[in-house]
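Engineer: Handing you a structure now.
The values are calculated or read from the model by the stated rules, or taken from the named source; none is laboratory data. No experiment lies behind these values; they were computed from the predicted model shown. For neighbour counting, all protein chains shown are included, and Cβ atoms are generated from backbone atoms with ideal geometry for every residue, glycine included. Note: accessible area is taken over every heavy atom of the protein model, side chains too, but ligands, DNA and RNA are not part of it. Shrake-Rupley method; radii C 1.70, N 1.55, O 1.52, S 1.80 Å.
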Amino acid sequence: MYDHVITVPGQGAHRPGMLDSWLASAPYARELLAEWSEAAGLDLLEAGRDAAAMADTAVAQPLITATALLSLERLRARLDVDPDRVLYAGHSVGELAAAAGAGYLSPEAAVALARERGKAMSAACATAPTGMAACMPSKRDGAADEAIVDAIRAGGLSVANWNGSHQFVAAGPSAAVEAFGAKPPAGVRVVRLEVAGAFHTEAMAPALEPFARAVARAPWRSPDSAMLGNGDGALVGGPDDLRQRLVAQLTSAVRWDLCAESVARHSSARTLHVELAPAGPLTKLAERAHPWMRTVALRSADDLDAVPALAGSGA
């Protein structure tokens with residue numbers, strides 16, 4: 001059992017201004033962001049306030065990573081976290097911030113790698129029109145999970161995200177996504193997502209080689225803490241294992257449902273679950289699946305005020 005579980009959301013949780021409270025929360029935060037901007041070759045401060053810029057996958061992914069890591073810096077200043085007693089997990093690009101938290105990468109290396117990942121995926125999206133849609137049971141006559149998965153596949157789409165709590169993401173050619181949303185299967189609610197393409201499917205195959213090169217160049221090191229992998233929810237077995245997982249994940253489904261099951265197995269009623277900024281979606285999923293969990297979502301720096309009290313209440 002772990003004392004703390006720290007999770008990191010993926011693309012879709014970001015929003016303009018998400019960096020602001022973290023930059024105001026500590027005098028060194030702007031200096032850190034400047035260092036990470038240089039490593040990524042991107043002005044993260046300017047991009048983080050530009051909604052149009054953030055629509056680009058190549059911009060959104062390093063921004064999410066930087067925001068998560070700034071919130072982790074502040075969390076560590078408020079909470080005594082024993083590296084041997086903390087478990088990290090990230091959703092999609094959130095794995096890079098989770099890897100930095102666990103000690104596999106420095107923060108600046110994680111942000112730089114997120115930039116390379118985003119650029120590679122953005123270029124892959126430009127090769128063909130693809131998209132994604134969230135799928136879940138309708139409130140009126142909700143379909144079972146198996147029926148939703150079968151319907152997605154019958155519509156010529158892939159299940160890109162198995163998020164748990166009866167939530168899935170379908171992905172594939174834009175025309176198929178549009179048709180699926182225009183006439184959703186009985187008992188299924190379909191919501192088109194504002195993303196550039198079909199992430200975590202074969203549509204991302206053109207991104208594999210450039211991202212693999214970036215992963216190979218990154219300065220990896222032995223971790224301080226445990227981390228779960230998106231592909232199967234299993235504990236990552238070291239730097240070589242993580243490198244392989246990160247590359248393979250571009251074209252394979254995010255199994256957050258399996259990660260959530262692993263988190264629950266490794267948690268007790270005393271475990272504190274913290275979702276790093278830009279937080280929200282993973283905490284909601286955790287609370288629906290496991291109401292007994294003690295959770296806090298770091299949506300802004302103000303949410304740090306709740307952490308010491310929550311940590312103490314589990315003693």
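Engineer: Would you point out which residue out of D224, D305 is among the charged types (D, E, K, R), surrounded by fewer than 18 Cβ atoms within 10 Å (Cβ to Cβ) and not in a loop (DSSP other than H, G, I, E, B)?
Structural biologist: Of the residues listed, the single one that is among the charged types (D, E, K, R), surrounded by fewer than 18 Cβ atoms within 10 Å (Cβ to Cβ) and not in a loop (DSSP other than H, G, I, E, B) is D305.
Engineer: Here is a follow-up. Among the residues of the range 232-251 satisfying the criterion of being small (G, A, S) and open to solvent by less than 40 Å² (accessible area, probe 1.4 Å), which is nearest to the chain's Cα centre (by Cα)?
Structural biologist: Pass one, the range 232-251, residues small (G, A, S): 233-234, 237-238, 248.
Subset that is open to solvent by less than 40 Å² (accessible area, probe 1.4 Å): 233-234, 238.
Values: G233: 14, A234: 16, G238: 20 Å.
Ranking the candidates gives G233 first.
Engineer: Here's a follow-up. Could you tell me how many of the residues in the range 229-244 are among the polar types (S, T, N, Q) and within 16 Å of R213 (Cα to Cα)?
Structural biologist: Just the residues of the range 229-244 that are among the polar types (S, T, N, Q), to begin with: 230, 244.
When the remaining residues are screened for being within 16 Å of R213 (Cα to Cα), the result is 244.
The total comes to 1.
Engineer: Just to verify a result, which residue in the range 1-28, among those that are under 22 Å from V86 (Cβ atoms) and of a type in the set (A, V, I, L, M), is modelled with the lowest pLDDT? Spell out the reasoning first.
Structural biologist: Going through the range 1-28, the residues under 22 Å from V86 (Cβ atoms) turn out to be 1-10, 13, 22, 25-26.
This time we only want the ones that are of a type in the set (A, V, I, L, M), so: 1, 5-6, 8, 13, 26.
Details: M1: 93, V5: 97, I6: 98, V8: 98, A13: 84, A26: 91.
It comes out as A13.
Engineer: With the structure loaded, tell me whether A260 is aliphatic (A, V, I, L, M) and either surrounded by 14 or more Cβ atoms within 10 Å (Cβ to Cβ) or assigned to a loop (DSSP other than H, G, I, E, B) (or both) or whether it fails that test. Quick ask: steps written out before the conclusion?
Structural biologist: Numbers: aliphatic (A, V, I, L, M): yes; either surrounded by 14 or more Cβ atoms within 10 Å (Cβ to Cβ) or assigned to a loop (DSSP other than H, G, I, E, B) (or both): yes.
Against the criterion (aliphatic (A, V, I, L, M) and either surrounded by 14 or more Cβ atoms within 10 Å (Cβ to Cβ) or assigned to a loop (DSSP other than H, G, I, E, B) (or both)), A260 qualifies.
Engineer: Which of the residues spanning the range 35-59 are hydrophobic (A, V, I, L, M, F, W, C) and touching a residue at least 40 places away in the same chain (Cβ under 8 Å)? Walk me through how you get there before you give the answer.
Structural biologist: We begin by selecting, within the range 35-59, every residue hydrophobic (A, V, I, L, M, F, W, C); these are 36, 39-40, 42, 44-45, 47, 51-55, 58-59.
Answer for the range 35-59, where residues must be hydrophobic (A, V, I, L, M, F, W, C) and touching a residue at least 40 places away in the same chain (Cβ under 8 Å): W36, A39, A40, L42, L44, M54, A55, A58, V59.
Engineer: Step by step: first the residues of the range 269-302, then only those that are of a type in the set (G, A, S), in contact with a strand residue (DSSP E or B) (Cβ under 9 Å, 6 or more places away or on another chain) and not in a helix (DSSP H, G or I), then the one that is surrounded by the fewest Cβ atoms within 10 Å (Cβ to Cβ). Which residue is that?
Structural biologist: Across the range 269-302, the extreme among qualifying residues is A269.
Engineer: Anything in the range 190-221 that is among the β-branched types (V, I, T) and either free of Cβ contacts under 8 Å to residues at least 24 places away in the same chain or not in a helix (DSSP H, G or I) (or both)? List them, or say none.
Structural biologist: Going residue by residue through the range 190-221, those that are among the β-branched types (V, I, T) are 190-191, 195, 201, 215.
Residues satisfying the conditions are V190, V191, V195, T201.
Engineer: Please go through the range 16-41 and give me each residue that is assigned to a loop (DSSP other than H, G, I, E, B) and surrounded by fewer than 22 Cβ atoms within 10 Å (Cβ to Cβ), ordered by number.
Structural biologist: In the first step, residues of the range 16-41 are kept if they are assigned to a loop (DSSP other than H, G, I, E, B); the result is 16-19, 25-28, 41.
Residues satisfying the conditions are P16, G17, S25, A26, P27, Y28, G41.
Engineer: Return the residues of the range 163-187 that are open to solvent by 50 Å² or more (accessible area, probe 1.4 Å) and touching an Asp or Glu at 6+ places or on another chain (Cβ under 8 Å); say none if nothing qualifies.
Structural biologist: Correct list: H166, A186.
Engineer: Restricting attention to the range 80-118, and to residues there that are open to solvent by 20 Å² or more (accessible area, probe 1.4 Å) and among the aliphatic types (A, V, I, L, M), which single residue is modelled with the lowest pLDDT?
Structural biologist: V81
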